[in-house]
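Novice: My questions all concern the structure below.
The values are calculated or read from the model by the stated rules, or taken from the named source; none is laboratory data. The structure presented is a predicted model; accordingly, all values stated were derived computationally and were not measured. No Cβ is skipped: glycine too gets one built from the backbone with ideal geometry, and neighbour counts run over all protein chains shown.
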Ligand SMILES: Cc1cc2nc3c(=O)[nH]c(=O)nc-3n(C[C@H](O)[C@H](O)[C@H](O)COP(=O)(O)OP(=O)(O)OC[C@H]3O[C@@H](n4cnc5c(N)ncnc54)[C@H](O)[C@@H]3O)c2cc1C
């Protein structure tokens, strides 16, 4: 399916990456976005730059330079701007227009959720969210994402018309430095602040961090998962461990069938597809129905009493051990380290 209808040649403008700098730091998502922006610009054969709000750590420009960034556009920030997404979107849209941007790229995190639709409306351009891949095609830019509960891959084409607002699934962003990214010292361009004193209509009144105990397991960063190798005592210990370490709980289908959790905690083909930074598989054999749901995890560590189970070849590290012996010791150490306070 294609956005817009035009017989004009595909000749998009430059890529503008909107950098998320939580606490003023360039974290993995920001690095991944720079890397993605650089790759996308190469595919489209256009220039690229990045935009961020002021108040970042002094080392950030140099860190951005590692990804070949040559221009960092700095938008002055204030409490009035930080807490007003519509004002932020208006300022970014202004810069995107000034730069003649063809693509405005954002991570599909809280920043992208808040700004992308507002930006697309301001720029009167197409919006494509949560892309997992992009490819240059004779029709334009092919954009892909997972749809229908992540069971199918959907492809759209952007023909270069309007400014495309594109959010990228942070789980596919890789902060890896490629040889094609020539280190540079980016020029910092100070942009004008808001010209009108009018406050934004949308105000953020409080920021509440996600609770790992309730967050959707498909969005969890760290998951400790129980299989049938966990008996009731082990499962209770795991629940406490998850609470103490602020980690999300996952289970296999047989554990869900025991009625120990709700369906929303079940991981696998029938359950949720997950892609955490860290997946700990405890007493899980590693059937294809379970592995299918965890294969995008960055790091899988497993523990099983049987050295021959298929979870091991699907793990980054595996431990042959008895949960009955390991769990009490692990919990004891975590209780000591955390003071037993969740
Ligand atoms: C259509 C279909 C869809 C399915 N969808 C899903 C799905 O979405 N998610 C899912 O998980 N399953 C799903 N299943 C079920 C799946 O095929 C497996 O049966 C299931 O994943 C096995 O779960 P398990 O690893 O917890 O249990 P088991 O396969 O019984 O493994 C338990 C493991 O615990 C180990 N163990 C035992 N005692 C200890 C101990 N003391 N210490 C350490 N290790 C120990 C054993 O060695 C064993 O490897 C589906 C099946 C079908 C047919």
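Novice: Among the residues of segment 75-100 satisfying the criterion of being within 23 Å of the chain's Cα centre (by Cα) and not in a helix (DSSP H, G or I), which is surrounded by the most Cβ atoms within 10 Å (Cβ to Cβ)?
Specialist: So the residue we want is 84.
Novice: Report yes if residue 230 is surrounded by 15 or more Cβ atoms within 10 Å (Cβ to Cβ) and out of contact with any helix residue (DSSP H, G or I) (no Cβ under 8 Å at 6 or more places or on another chain), otherwise no.
Specialist: Here the answer is no, as residue 230 does not meet what is asked.
Novice: Oh, and also: Would you list the helices (runs of 4 or more DSSP H) that sit entirely within segment 253-342 and hold 1 or more residues that are within 28 Å of residue 152 (Cβ to Cβ)?
Specialist: 253-257, 288-294
Novice: Ok, one more. Consider only pairs whose beta carbons are under 8 Å apart and that are at least six residues apart or on different chains; among these, list those whose first residue lies in segment 276-294 and is within 18 Å of residue 249 (Cβ to Cβ) and whose second residue is near the ligand (Cβ under 8 Å from one of its atoms) and assigned to a helix (DSSP H, G or I).
Specialist: Listed pairs, sorted by first residue: 282/234; 282/323; 283/234; 283/323; 284/290; 290/253.
Novice: Can you name every residue in segment 223-252 that is in a loop (DSSP other than H, G, I, E, B) and away from the ligand (no atom under 12 Å from the Cβ)?
Specialist: Correct list: 246, 247.
Novice: Being near the ligand (Cβ under 9 Å from one of its atoms) and within 20 Å of residue 220 (Cα to Cα) is true for just one of 326, 255. Which residue is that?
Specialist: After applying the criteria, what remains is 255.
Novice: Same structure, new question: Please work out which one of (1) more than 8 Å from the ligand (Cβ to nearest atom); (2) under 24 Å from residue 169 (Cα atoms); (3) modelled with pLDDT under 95 is the condition residue 262 fails and give its number.
Specialist: Exception for residue 262: condition (2).
Novice: Another question, if that's okay. Restricting the search to segment 298-323, which residues are touching a helix residue (DSSP H, G or I) at 6+ places or on another chain (Cβ under 7 Å) and within 22 Å of residue 244 (Cβ to Cβ)?
Specialist: Selection gives 300, 302, 303, 323.
Novice: Still on this structure: Look at segment 269-292 and say how many of its residues are within 6 Å of the ligand (Cβ to nearest atom) and either at pLDDT below 95 or surrounded by fewer than 23 Cβ atoms within 10 Å (Cβ to Cβ) (or both).
Specialist: 6
Novice: Would you mind listing the strands (runs of 3 or more DSSP E) fully within segment 131-222 where at least 3 residues are surrounded by 14 or more Cβ atoms within 10 Å (Cβ to Cβ) and touching a helix residue (DSSP H, G or I) at 6+ places or on another chain (Cβ under 6 Å)?
Specialist: Passing ranges, in order: 164-168.
Novice: For residue 65, state whether it is modelled with pLDDT of 95 or more and surrounded by fewer than 19 Cβ atoms within 10 Å (Cβ to Cβ).
Specialist: For residue 65, the condition - modelled with pLDDT of 95 or more and surrounded by fewer than 19 Cβ atoms within 10 Å (Cβ to Cβ) - is met.
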